[in-house]
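Asks: One structure, as structure tokens, below. Some questions next.
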Amino acid sequence: MNMNQFQSEVEPISIEGFQVVSGELFSHIKSYASPSCTIWGSGITFNRQALSALNCCERIRLEVHPQKKSLLAVPVTVKDKDSIIWRKNIKEYAPRRMESVRFSSQIYEIWGWDTSWVYRAVGHVVTVENKIMLLFDFSAPEQWKAKEKKTAK
């Protein structure tokens with residue numbers, strides 16, 4: 001097919017009235033390719049990219065900055081009294097859904113969040129004294145309405 005034949009088959013149009021769609025409307029897409037943390041009314045979870053960013057370590061310690069609305073995931077060993085297992089098990093490198101109404105209710109309260117919403121933030125790798133950690137900034141998180149639980153009849 002030569003170019004002249006192709007051009008005769010394409011319908012010319014006017015672009016008058018079209019408006020550019022802001023790339024910011026698609027900013028949530030990056031959360032699937034980057035480490036992310038999701039907090040809902042009864043727990044917290046991280047995605048596979050977050051596990052990979054910390055070399056799929058078995059345990060982390062969470063640190064919260066109340067004023068900056070930030071969460072730090074710090075790789076630790078079983079010896080750390082505040083360690084949390086964030087992988088499903090030792091053989092499978094998949095994130096574990098960590099249920100904790102007490103944790104979530106405290107976060108929602110100190111950060112002034114609406115309990116009917118779920119919040120997610122993209123994280124990035126940081127270092128503190130040559131130790132690799134993940135920092136999640138929840139000051140402007142992606143958010144969506146939580147699914148309502150179905151009641152048994």
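The values are calculated or read from the model by the stated rules, or taken from the named source; none is laboratory data. This structure is a prediction, so every number in the text was calculated from the model and none was measured. A quick note on method: Cβ atoms are made from the backbone with ideal geometry, for glycine too, and the neighbour counts reach across all protein chains shown. Accessible surface areas use protein heavy atoms only, side chains included; no ligands, DNA or RNA. Shrake-Rupley method; radii C 1.70, N 1.55, O 1.52, S 1.80 Å.
Asks: Determine whether the range 89-105 contains at least one residue that is among the aromatic types (Phe, Trp, Tyr), in contact with a Pro (Cβ under 7 Å, 6 or more places away or on another chain) and surrounded by 13 or more Cβ atoms within 10 Å (Cβ to Cβ). Spell out how you get there, then give the answer.
Replies: First, the residues of the range 89-105 that are among the aromatic types (Phe, Trp, Tyr): 93, 103.
Keeping just the survivors that are in contact with a Pro (Cβ under 7 Å, 6 or more places away or on another chain) gives none.
Checked against the condition, which is being among the aromatic types (Phe, Trp, Tyr), in contact with a Pro (Cβ under 7 Å, 6 or more places away or on another chain) and surrounded by 13 or more Cβ atoms within 10 Å (Cβ to Cβ), the range 89-105 yields no hits at all.
Asks: Next question. Select from the range 65-88 the residues that are surrounded by 14 or more Cβ atoms within 10 Å (Cβ to Cβ) and in contact with a Phe, Trp or Tyr (Cβ under 9 Å, 6 or more places away or on another chain) and write down the one among them that is modelled with the lowest pLDDT.
Replies: ARG87
Asks: Then there is this: One residue is enough: does the range 23-33 have a residue meeting the conditions at pLDDT 80 or above and either more than 26 Å from ALA146 (Cα to Cα) or not basic (Lys, Arg) (or both)? Walk me through how you get there before you give the answer.
Replies: The initial filter retains those residues of the range 23-33 that are at pLDDT 80 or above, namely none.
Within the range 23-33, none of the residues are at pLDDT 80 or above and either more than 26 Å from ALA146 (Cα to Cα) or not basic (Lys, Arg) (or both).
Asks: So is GLN143 modelled with pLDDT of 95 or more and surrounded by 11 or more Cβ atoms within 10 Å (Cβ to Cβ) or not?
Replies: Here the answer is no, as GLN143 does not meet what is asked.
Asks: Next question, about the same structure. With the condition kept exactly as written, say whether any residue in the range 39-46 is surrounded by 10 or more Cβ atoms within 10 Å (Cβ to Cβ), modelled with pLDDT under 80 and within 30 Å of LEU62 (Cβ to Cβ). Quick ask: steps written out before the conclusion?
Replies: Residues of the range 39-46 that are surrounded by 10 or more Cβ atoms within 10 Å (Cβ to Cβ), as a first pass: 39-46.
In the following step, the residues that additionally are modelled with pLDDT under 80 were identified as none.
There is no residue in the range 39-46 that is surrounded by 10 or more Cβ atoms within 10 Å (Cβ to Cβ), modelled with pLDDT under 80 and within 30 Å of LEU62 (Cβ to Cβ).
Asks: Does THR115 count as modelled with pLDDT under 95, out of contact with any helix residue (DSSP H, G or I) (no Cβ under 9 Å at 6 or more places or on another chain), over 16 Å from THR45 (Cβ atoms) and open to solvent by 70 Å² or more (accessible area, probe 1.4 Å)? Before the answer, list the steps.
Replies: On the way: modelled with pLDDT under 95: yes; out of contact with any helix residue (DSSP H, G or I) (no Cβ under 9 Å at 6 or more places or on another chain): no; over 16 Å from THR45 (Cβ atoms): yes; open to solvent by 70 Å² or more (accessible area, probe 1.4 Å): yes.
Criteria not met by THR115.
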